[in-house]
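See structure below.
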Amino acid sequence: MEYRVGFSKDIHRLVENRKLIIAGVVIPFDKGEAAHSDGDVLYHALAESILGALALGDLGKHFPDTSEETLNMDSSLIVKKVCEMMNEKGYEVNNVDIFVSLEKPRLKDYIEAMRINVAKLLNVDLDSVSIKAGTNEKMGPIGEGKAIEASSYIMLKKK
């Protein structure tokens, strides 16, 4: 069986008057991600890790931030489109491991809902989805509460 591994990370500034959306879960907070789409940093990293595993380029190639079509787009649609590309190439997800870096708010109460959303989008069992979160120990823009970052490692297998 043929396997492919992909990695990506995405970072967004945190700004007022935007919703904080992570893996489709709206988190109560006074800031959200600045972005052309809805800014879901986890979904962006996830989608791009799939593209990377398939050697299909980056997210900007397929979903440019200059397009009216992607303005305020629900990022779950980005993941769905990338999954269609994956299926066309004859692959499916084996497992995914995602890490979110955010100083606050704490995400522990939202991780399970995030895992469920990702598992549904990828059409995999819940035990194939790992999502973890941590702070940046008050260092850099993430630690200063100015940004959020997500990293995604994914393993695909040939159908």
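The values are calculated or read from the model by the stated rules, or taken from the named source; none is laboratory data. What you see is a predicted model, and the numbers here were worked out from it, not measured in a lab. Reconstructed Cβ throughout: ideal geometry from the backbone, glycine too, with neighbour counts over all protein chains shown.
Remarks
- Restricting the first member to region 60-74 and to residues that are over 23 Å from residue 9 (Cβ atoms), and the second to residues that are loosely packed, with under 11 Cβ neighbours inside 10 Å and of a type in the set (A, V, I, L, M), no beta-carbon pair is closer than 6 Å while six or more apart or on different chains.
- When residue 94 is tested against (1) under 13 Å from the mean Cα position of the chain (by Cα); (2) surrounded by fewer than 19 Cβ atoms within 10 Å (Cβ to Cβ); (3) among the polar types (S, T, N, Q), exactly one condition is not met: (1).
- Test: residue in region 130-144 that is crowded, with 17+ Cβ neighbours inside 10 Å, of a type outside the set (Phe, Trp, Tyr), at pLDDT 95 or above and in contact with a helix residue (DSSP H, G or I) (Cβ under 6 Å, 6 or more places away or on another chain): yes
- Residue in region 14-23 that is in contact (Cβ under 8 Å) with a residue 24 or more places away in the chain, out of contact with any helix residue (DSSP H, G or I) (no Cβ under 6 Å at 6 or more places or on another chain), farther than 23 Å from residue 130 by Cα and surrounded by fewer than 21 Cβ atoms within 10 Å (Cβ to Cβ) present: no
- Number of the condition not met by residue 94 [criteria: (1) outside any strand (DSSP E or B); (2) among the polar types (S, T, N, Q); (3) in contact (Cβ under 8 Å) with a residue 60 or more places away in the chain]: (1)
- Residue count for region 105-120, restricted to those that are among the aliphatic types (A, V, I, L, M) and either part of a loop (DSSP other than H, G, I, E, B) or under 15 Å from residue 135 (Cα atoms) (or both): 2
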